[in-house]
1. Please work out if residue 92 is open to solvent by 50 Å² or more (accessible area, probe 1.4 Å), closer than 22 Å to residue 122 by Cα and of a type in the set (D, E, K, R).
2. Given the conditions (1) on the phi > 0 side of the Ramachandran plot; (2) open to solvent by less than 20 Å² (accessible area, probe 1.4 Å), report the number of the one that residue 6 does not fulfil.
3. Checking the conditions here, which among 80, 73 is closer than 28 Å to residue 141 by Cα and surrounded by fewer than 16 Cβ atoms within 10 Å (Cβ to Cβ)?
4. Give me a count of the residues in the stretch 53-69 that are of a type in the set (Val, Ile, Thr), assigned to a loop (DSSP other than H, G, I, E, B) and crowded, with 17+ Cβ neighbours inside 10 Å.
5. So which residues in the stretch 149-168 are surrounded by 12 or more Cβ atoms within 10 Å (Cβ to Cβ), within 19 Å of residue 85 (Cα to Cα) and either out of contact with any strand residue (DSSP E or B) (no Cβ under 7 Å at 6 or more places or on another chain) or touching a residue at least 40 places away in the same chain (Cβ under 8 Å) (or both), if there are any at all?
6. Pairs please, first residue from the stretch 102-129 and of a type in the set (S, T, N, Q), second anywhere and part of a helix (DSSP H, G or I), Cβ atoms under 7 Å, 6+ apart in sequence or on different chains.
7. Of the residues in the stretch 1-44, how many are in contact (Cβ under 8 Å) with a residue 60 or more places away in the chain and charged (D, E, K, R)?
Amino acid sequence: SKIKQGQNIFRINTKKTTAKIKELAYVDDVEIQRRFPAKINIVLDESTEDIIIDTPTEFIVTTIDGKVLYKTVDVTEVPVPIVKGIEVTASEIGQKVATEDVEGAIKDMSYVNCFYGSDYWSQIDLIDVSDASNFMMVMRTGLRVTFGPIDTIESLERKIKMLDAIIP
């Protein structure tokens, strides 16, 4: 943050300091508050590991909106769903993943978002968006759920409601 202990709080450039802190991968948002007479409070919103994007060479651990937190070859200890089928062209730590088909990736991620925060989220092991005519997920219990073709968010939400009736 480049704030030095004992530094005059009026000399601190909060915009530059905020921007510098936001460069850290695990920081979503930051607020710097001056507390008189001589304190600075820094309030952080931490990024969370929400999904793992499976690529041919590595796994990319990201937030739900695709911000890259880190890359790895072993995700056995990362308790979040793996997403297959998103073609990543670039992935820089702290930046959103880049794809050649941006529109398709946004659509795929919106489908993944339908499950985020649901009762199913912690039970999902894999979400496969690689085949638009056969959207599929695999639960941690091994149960495979094939949703078939998904045209809209509404059609997926309708199918999730049907799933609610089938799986308690």
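The values are calculated or read from the model by the stated rules, or taken from the named source; none is laboratory data. All of these numbers come straight from a predicted model, not from anything done at the bench. When we count neighbours, we look across all protein chains shown, and the Cβ atoms used for this are built from the backbone with ideal geometry, even at glycine. Keep in mind that these areas ignore ligands, DNA and RNA; they rest on the heavy atoms of the full protein, side chains included. Shrake-Rupley method; radii C 1.70, N 1.55, O 1.52, S 1.80 Å.
1. Numbers: open to solvent by 50 Å² or more (accessible area, probe 1.4 Å): yes; closer than 22 Å to residue 122 by Cα: no; of a type in the set (D, E, K, R): yes.
No: the conditions fail for residue 92.
2. Just one mismatch for residue 6, condition (2).
3. Values: 80 fails: surrounded by fewer than 16 Cβ atoms within 10 Å (Cβ to Cβ).
None of the others qualify; the one that does is 73.
4. Step one: of the stretch 53-69, the residues of a type in the set (Val, Ile, Thr) are 53, 55, 57, 60-64, 68.
Among the residues that remain, those that are also assigned to a loop (DSSP other than H, G, I, E, B) are: 55, 57, 63-64.
Now drop any that are not crowded, with 17+ Cβ neighbours inside 10 Å, which leaves 63-64.
Residues in the stretch 53-69 being of a type in the set (Val, Ile, Thr), assigned to a loop (DSSP other than H, G, I, E, B) and crowded, with 17+ Cβ neighbours inside 10 Å: 2 in total.
5. Answer for the stretch 149-168, where residues must be surrounded by 12 or more Cβ atoms within 10 Å (Cβ to Cβ), within 19 Å of residue 85 (Cα to Cα) and either out of contact with any strand residue (DSSP E or B) (no Cβ under 7 Å at 6 or more places or on another chain) or touching a residue at least 40 places away in the same chain (Cβ under 8 Å) (or both): 153, 156.
6. Partner pairs satisfying both residue conditions: 110/153.
7. So in the stretch 1-44, the residues in contact (Cβ under 8 Å) with a residue 60 or more places away in the chain come out as 23-25.
So of that shortlist, the ones also charged (D, E, K, R) come out as 23.
Total meeting the criteria: 1.
For (1) within 29 Å of residue 159 (Cα to Cα); (2) modelled with pLDDT under 95, each residue gets a yes or a no:
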residue	(1), (2)
70	no, no
85	yes, yes
116	yes, yes
119	yes, yes
125	yes, no
